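> Have a look at the structure that comes next, please.
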Amino acid sequence: MQFTTKLAGLAAVAAAAVSAHNVKFVNQDGTTRSIIFTGTSAISTLTISGNSNASVTLPSGWQGNWYSVSEGAEDVPGMLGEVALDAWDGISYFDVSAIVNPNDKDGVKLLYPASQDGVNPKTCYSGCEVFPCNTAYYAPDDVQTVSTSDTDFICTLGGSTATSKRDETPLVERKFVLGEF
Ligand SMILES: *[C@@H]1O[C@H](CO)[C@@H](O)[C@H](O)[C@H]1NC(C)=O
């Protein structure tokens, strides 16, 4: 994960209070999904029924990622939600990364600070409803990591995506046209 993006204005952002973090997973379709976590301390797999929400608490300073496995599917890492909580300057950093598996179009979709819930269009988020798009992180040198002083996050999963306006004309890096993804 890169820590170099969206630095403008960071100095003006007060350091976030050090506390546990809640991530609410919003399962947008009828598929039951398991969320598998890997990070600086063990987090139990979270199972979420179709069309429902479930939350996990991540400890202060936790750094790691998660991916979603749909019921009946093989457990292979997919689109990753990544966070570094209470990291540089006390700020939390996050992104949705396609690096390990850009073929996962059924798992993690958007990751955003809880204060963006209901905000449309969102001004702070990573990921997309339809992959590929220009707000996910496809290569180690992509600049897509976002910062927030929010404590809590929302991560959307799956769901019908055909009407996502933002993705009608996705911008991607030239490597896509070169087949280098
Ligand atoms: C799940 O969370 C989303 C986002 O906060 C909310 O809009 C939705 O109503 C919740 N759904 C359920 C079933 O609680």
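> Would you please give the FRET efficiency between Thr123 and Asp75, computed as 1/(1 + (r/R0)^6) with r the Cβ-Cβ distance and R0 = 30 Å, to the nearest 0.05?
Efficiency, rounded to the nearest 0.05: 0.30.
> Compute the Cα gyration tensor for the range 118-157, then decide on rounded, prolate or oblate, letting a ≥ b ≥ c be the square roots of its eigenvalues: rounded whenever a/c is under 1.5, prolate when a/b is larger than b/c in the other cases, and oblate in all that remain.
oblate
> Summarise the long-distance tail of P(r) for the range 66-138 by giving the % of C-alpha pairs beyond 18 Å.
42
> Roughly speaking, what is the centre-to-centre gap between the range 34-74 and the range 90-163 when only Cα atoms are used, to the nearest Å?
Between the Cα centres of the range 34-74 and the range 90-163 lies a distance of 15 Å.
> Of Thr151, Asn134, Tyr112, which is farthest towards the positive pole of the range 95-162's charge dipole, taken about the Cα centre with +1 and -1 on the beta-carbons of Lys, Arg and Asp, Glu respectively?
Value: Asn134.
> Going highest first, how would you order 144-155, 77-88 by mean Cβ packing within 10 Å?
77-88, 144-155
Every read-out reported here was derived from the displayed coordinates using simple, explicitly stated rules and does not represent laboratory data. This structure is a prediction, so every number in the text was calculated from the model and none was measured. Every residue, glycine as well, gets a Cβ built from its backbone with ideal geometry; the counts of neighbours run over all protein chains shown.
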